[in-house]
């Protein structure tokens, strides 16, 4: 199986894609190379010989319980590393050598585009630390553990859908008029049936192509700036984790249609103005002319377990938008509630005394 190791042409040390420089950087000698330059370097180590090949073999049945796990040999140090069938970019935990498994990004498996990381690892860690500080009920033990160091940058597979929609909607609207005379107050309510119809086009509706990552987290860190999409090159993956899709485009179409239809309804409802109330009555939306692109989008991820429960944090690797769930210290929560209750009780007691 062909693999590509991005190593410095000057000193041979591993190259990693830098979010700040937007180039492949060598920490050993300080040289930087653009992705385009490294793609053109003839001596980039991509050997298929037995010595350099990233060999994937199915492990013994009694060693792993999951059929999705395989072992590989690092082409730099020879260590055996456990990986998953969907992995397309990883690094050896022993020597730190970043490796891209090219056979998993060839042909139909090759992404069309990629958005490179713009948020660095240090920036992601700092943002997570600030996220911790703003949570007074966070258990001290959770914050004290060095969990932030486990944050990992990974490219997540997405399908981007382009489509057109024919929309026909109806609404029931009301307008009210009020007036008075010397004897009575009057209110007249007028009822209207409102129709809206037309075409609307969508570009790059994102749908998560990985079952390993929760859809609600991936949608919560949107949007991405798709004007920064780059033609795919394995150079952008150097130093990061990356998975190929395990949900194909056809299976993602229902979610793309759902998002397009909801956006269509919101867009057309926003055109109904000048009414006191507006209630949708019927909606007929037909999708057509669909196109799809396979892309890799940057995400900083942290999964950490605390008292038997898994907590997940996800950050948009381009914009820095972050979502996550944190545990609450029950003791601190009780103290805070007790303090608020005592303060309210004291105020009520003072008011009753004054009265």
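The values are calculated or read from the model by the stated rules, or taken from the named source; none is laboratory data. Keep in mind the model is a prediction, meaning the values are calculated, not measured. Positions of Cβ are generated from backbone atoms using ideal geometry, with glycine treated the same way; all protein chains shown enter the neighbour counts.
Values computed for the structure shown
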item	result
Among (1) buried (at least 16 other Cβ atoms within 10 Å of the Cβ); (2) modelled with pLDDT under 95; (3) in contact with a helix residue (DSSP H, G or I) (Cβ under 9 Å, 6 or more places away or on another chain) - the single one residue 215 does not satisfy	(1)
Considering residues of the stretch 3-45 that are in contact with a helix residue (DSSP H, G or I) (Cβ under 7 Å, 6 or more places away or on another chain) and part of a loop (DSSP other than H, G, I, E, B) only, the residue modelled with the highest pLDDT	6
Test for residue 253: is it assigned by TED's automatic domain parsing to the domain that holds residue 282, surrounded by 17 or more Cβ atoms within 10 Å (Cβ to Cβ), out of contact with any strand residue (DSSP E or B) (no Cβ under 7 Å at 6 or more places or on another chain) and not in a loop (DSSP other than H, G, I, E, B)	yes
Criterion (under 22 Å from residue 232 (Cβ atoms) and modelled with pLDDT under 75) met by exactly one of 143, 152, 79, 108	108
Hits in the stretch 314-337 - residues which are part of a strand (DSSP E or B) and at pLDDT below 90	324
Check on residue 174, at negative phi and at pLDDT 95 or above	yes
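Yes/no matrix, rows are residues, columns are (1) in a strand (DSSP E or B); (2) more than 22 Å from residue 19 (Cβ to Cβ):
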residue: 117; (1), (2): no, no
residue: 129; (1), (2): no, no
residue: 138; (1), (2): no, yes
residue: 159; (1), (2): yes, yes
residue: 162; (1), (2): yes, yes
residue: 171; (1), (2): yes, yes
residue: 174; (1), (2): yes, yes
